[in-house]
Amino acid sequence: MKLSSFNSLPANEAAAVLRPCVDNSRWVAELVDARPFGDKEQLLAAAEAAAEPWSEAEIDAALARHPRIGERAEGNSAEAGLSRGEQAGVSRDAVAQAELRRLNLAYEEKFGRVFLIRAAGRSTEDILKQLTSRLDNTPEEEIAVVGQQLREIALLRLDGAIEP
Ligand code: 2AL
């Protein structure tokens, strides 16, 4: 969608464009209310500012909507389609899948939430390396990394949703 169209949508329709980027009503409302944006850079800067920082509760709520790395999102919602695209490069190889599953479960056991990483543009090897290394983080270190990954995913999705 063109930025000019996004700028002039009714608030509920503009919110519906933003929600698949990250399902957080505070972030969505801040951006809807900040319209009109003069250019796409302004929109992306506002989107980043509104995502910094997330509260822990916001992170937990948003994470509930992300499938595990290595699991294909089901259904034809906008979010599911975006997730499938982001994870398109994740190997379907049985050994890689088993390793992802094992490390995902170890991560969930330690941190009590799904492992989140901006998957677009990353190889399976890179994801496995990050997952292994992040397992050594303290909960405080890890929540900062998760927040950053959630911002990156939201910004990439928004970048893809709005044309200049
Ligand atoms: C995902 C996903 O679905 N897309 C992405 O970039 N990361 N999931 C995840 N658990 O990290």
Determine Rg/Rh for the chain; Rg is computed over alpha-carbon atoms and Rh is the Kirkwood hydrodynamic estimate from the same atoms.
-> 0.99
Among D39, D93, D126, determine the one that fluctuates most according to a GNM of the chain built with springs between C-alpha atoms less than 10 Å apart.
-> D93
Which of these, V95, V22, V146, has the largest mean-square fluctuation under a Gaussian network model of the chain (Cα springs below 10 Å)?
-> V95
Would you kindly state how much longer the chain becomes between D60 and D159 on full extension, computed as 0.36 nm times their sequence separation minus their alpha carbon distance, in nm to one decimal?
-> 33.3 nm
Tell me, I69, I153 in order of fewest to most beta-carbon neighbours within 10 Å?
-> I153, I69
Rough spin-label spacing in nm, given labels placed 7 Å along Cα→Cβ, for D126 and A45 | 2.7
Which three lengths, in whole Å and largest first, does the stretch 1-57 cover when its Cα atoms are put on their principal axes?
-> 33, 22, 16
At 222 nm, what helix-only mean residue ellipticity would the chain give, in deg cm²/dmol to the nearest 500, using -39500 (n - 2.57) for each DSSP H run of four or more?
-> -19500 deg cm²/dmol
Which of these, Q87, Q130, Q149, has the largest mean-square fluctuation under a Gaussian network model of the chain (Cα springs below 10 Å)?
-> Q130
Cα gyration tensor category, rounded, prolate or oblate, for the stretch 54-145 with a/c compared to 1.5 | oblate
In the chain, which helices (entire DSSP H runs) extend 20 Å or more along their own long axis, judged by Cα positions, while averaging at least 1.0 on the Kyte-Doolittle scale?
-> none
List E41, E140 from most exposed to least, where exposure is judged by having the fewest other Cβ atoms within 10 Å.
-> E140, E41
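All of the numbers you see were taken from the coordinates with simple rules; none came from a lab. Note that this is a predicted model, so its numbers are computed, not measured. Cβ: placed from backbone, ideal geometry, glycine included. Neighbour counts: every protein chain shown.
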